[in-house]
Amino acid sequence: MQILRQSTQVIVRVGPFVDVGDGFTPQIDISLAGNEAELLKNASVEVDISGRIWAAVTNCRGWYDLTLTTGDTDTVGLLTVVVQDDSDCLPVFRDFQVIDTVPFDEMFKDAAVGMQGVIEVNNLDHLMKVGVSNRDTMPEVVDDTVLANIMTKTDGDTSDFDHATDSLEAIKDVAPHGSAMRGSDVVPRTAQQIRDAMKLDAVGNSPAAGSIDKHLDDIVGDTNELQQDDIPTKIAAIPTATEVMGGTIDEATAGANPTTLAGKVQAIFNRLFAKRTVTESLETAYEKDDSAVMETFDLADDDITTSRTR
């Protein structure tokens with residue numbers, strides 16, 4: 001099947017035309033005007049081509065050149081030429097495939113401008129097949145392309161790319177030693193530097209300042225100090241019950257040492273349980289053992305004390 005370029009005039013050959021009677025004798029007098037000539041396009045479109053340019057092929061009896069116009073090839077897909085006249089020849093048809101101009105040009109143009117040419121013009125042949133004569137002078141990758149941004153860090157410009165330090169192999173050579181990757185920065189990291197970067201305890205249990213282990217060690221030290229020194233000292237300083245009370249709670253304590261907690265409690269107890277008598281408008285409070293009058297209240301004068309004896 002012949003492939004045709006979309007919307008492009010082209011001359012195609014149709015045949016062989018043979019006699020309808022014996023089926024093999026070439027017919028050299030076929031014309032489209034007196035025969036049924038149709039063009040079957042994709043999507044069931046039929047076009048009458050009886051008026052197209054039609055010429056016999058020299059020295060090739062029974063074959064003819066048909067000129068298809070740009071309108072005949074404007075639809076992508078299958079295209080069929082049908083010529084038939086059962087009074088003169090057997091039916092003849094020819095199938096074609098119409099494709100878009102871009103893939104057609106890539107497939108059939110000269111290599112200098114076709115697919116191979118595009119590959120070479122853009123240096124794509126050097127990716128896998130064709131070596132470069134000098135890697136230091138090979139064409140630079142166009143700035144800000146996907147490949148350029150893969151190869152560079154900030155500006156998408158590969159003009160300063162150095163295969164000695166920036167190639168994958170060069171990076172691999174220094175990657176196992178730490179984070180430094182290029183040029184004068186290639187300095188292997190020590191085990192202690194790696195541990196410090198990870199905030200880990202150093203060898204010999206002397207964690208670096210600011211590390212996680214150092215903070216944990218400080219917490220443990222403070223906790224031990226609280227348990228061994230501060231807390232026991234403060235607990236020992238708490239007074240006993242006897243020291244707090246200042247003595248035994250009884251009437252003697254209240255009289256002998258009324259400033260102590262025991263004395264104050266006893267004095268309050270005496271007042272609460274003192275003996276009281278009421279005579280007319282006076283209320284008299286006695287010591288609990290009736291030994292003396294503690295207070296006298298005038299009930300007619302809003303409970304204001306009129307005399308006090310201690």
*Can you tell me the dipole magnitude for region 11-58 around its Cα centre, using point charges on the Cβ only (Lys, Arg +1; Asp, Glu -1), in Debye to the nearest 20?*
280 debye
*Roughly what would the spin-label model give for residue 9 and residue 233, points 7 Å off Cα along C-beta, in nm?*
11.2 nm
*asked:* I need the phi-derived Karplus couplings for region 84-94: 6.51 cos²θ - 1.76 cosθ + 1.60, θ = phi - 60°, integer Hz, Gly and Pro marked x.
replied: 8, 8, 5, 8, 10, 8, 6, x, 10, 9, 9
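Please order 109, 214 by the number of other Cβ within 10 Å, starting at the fewest.
Values: 109 13, 214 16.
Listing 109, 214 from fewest to most nearby Cβ atoms yields 109, 214.
Would you please give the FRET efficiency between residue 123 and residue 100, computed as 1/(1 + (r/R0)^6) with r the Cβ-Cβ distance and R0 = 25 Å, to the nearest 0.05?
Once rounded, the FRET efficiency stands at 0.40.
If the chain between residue 86 and residue 36 were fully stretched, how many nm would it gain, using 0.36 nm times the residue separation less the Cα-Cα distance?
Gain in length upon complete extension: 17.0 nm.
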_Per 0.36 nm of contour for each residue apart, how much would the distance between residue 65 and residue 145 grow if the chain were fully extended, relative to their Cα-Cα spacing?_
23.9 nm
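Values quoted throughout were computed directly from the atomic coordinates according to the rules given, and no laboratory measurement underlies them. All of these numbers come straight from a predicted model, not from anything done at the bench. All Cβ positions, even for glycine, are placed from backbone atoms using ideal geometry, and neighbour counts span all protein chains on display.
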